[in-house]
Amino acid sequence: MQKLQNRNGSGVVTVPKSFLDRDGLLDEDGEPDESHLMVERLGERAYVVRVCDGDIPELSECEEIQRIAAERMLDEDVFGRRQGE
């Protein structure tokens, strides 16, 4: 778990180095490269961070968001109730 830190009045959180390595965001020395990131607020206490390497698609076009939405739909019955309720 990461801790929210204060930097000049803005909240700062680190991305684990293992995640950056997995996504090819470390330089030859194993340090984070100069990538630009976009942070978007999804709702109360929920944010998404994406690397900007060109055009940023709408969140609804993001494969990971589509997967989460599909999983949620599969967990609900035709009336929108969660399975098992």
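The values are calculated or read from the model by the stated rules, or taken from the named source; none is laboratory data. Treat the numbers as computed from the prediction; the structure is a model and nothing was measured. Heads up, the Cβs are rebuilt from the backbone with ideal geometry, glycines too, and the neighbour counts pull from every protein chain shown. In case anyone asks, the SASA skips ligands and DNA or RNA and just uses the protein heavy atoms, side chains included. Shrake-Rupley method; radii C 1.70, N 1.55, O 1.52, S 1.80 Å.
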(Q) I'd like the carbon and sulfur percentage of the solvent accessible area for the chain, probe radius 1.4 Å, heavy atoms only, ligands and nucleic acids excluded. (A) 49 percent
Q) Taking a label point 7 Å from the Cα of K3 along the Cα→Cβ vector, which residues of region 38-52 have an amide N closer than 11 Å to it? A) none
Q. For the chain, what size does the Cα cloud have along each of its three principal axes, sorted from largest down, in whole Å?
A. 52, 28, 24
Q: Could you calculate the contour length gain from A70 to S10, that is, 0.36 nm times the residue separation minus the distance between their Cα atoms, to one decimal place in nm?
A: 18.2 nm
Q. Length gain on complete extension for the stretch E28 to V49, per 0.36 nm per residue less the alpha carbon to alpha carbon distance?
A. 5.2 nm
Q | Probe 1.4 Å, protein heavy atoms only - accessible area per residue of the chain in square angstrom | A | 93 Å²
Q: May I ask for the angle, rounded to the nearest 10°, between helix 63-74 and the longest principal axis of the chain, with both axes built from Cα atoms and the value confined to 0 to 90°?
A: 20 degrees
Q. So what is the calculated 222 nm ellipticity per residue for the chain, using -39500 (n - 2.57) for each DSSP H run with n of 4 or more, over all residues, to the nearest 500 deg cm²/dmol?
A. -6000 deg cm²/dmol
Q) Near E64, within a Cβ-to-Cβ distance under 12 Å, what is the net charge of the other residues, with Lys and Arg +1 and Asp and Glu -1? A) -1
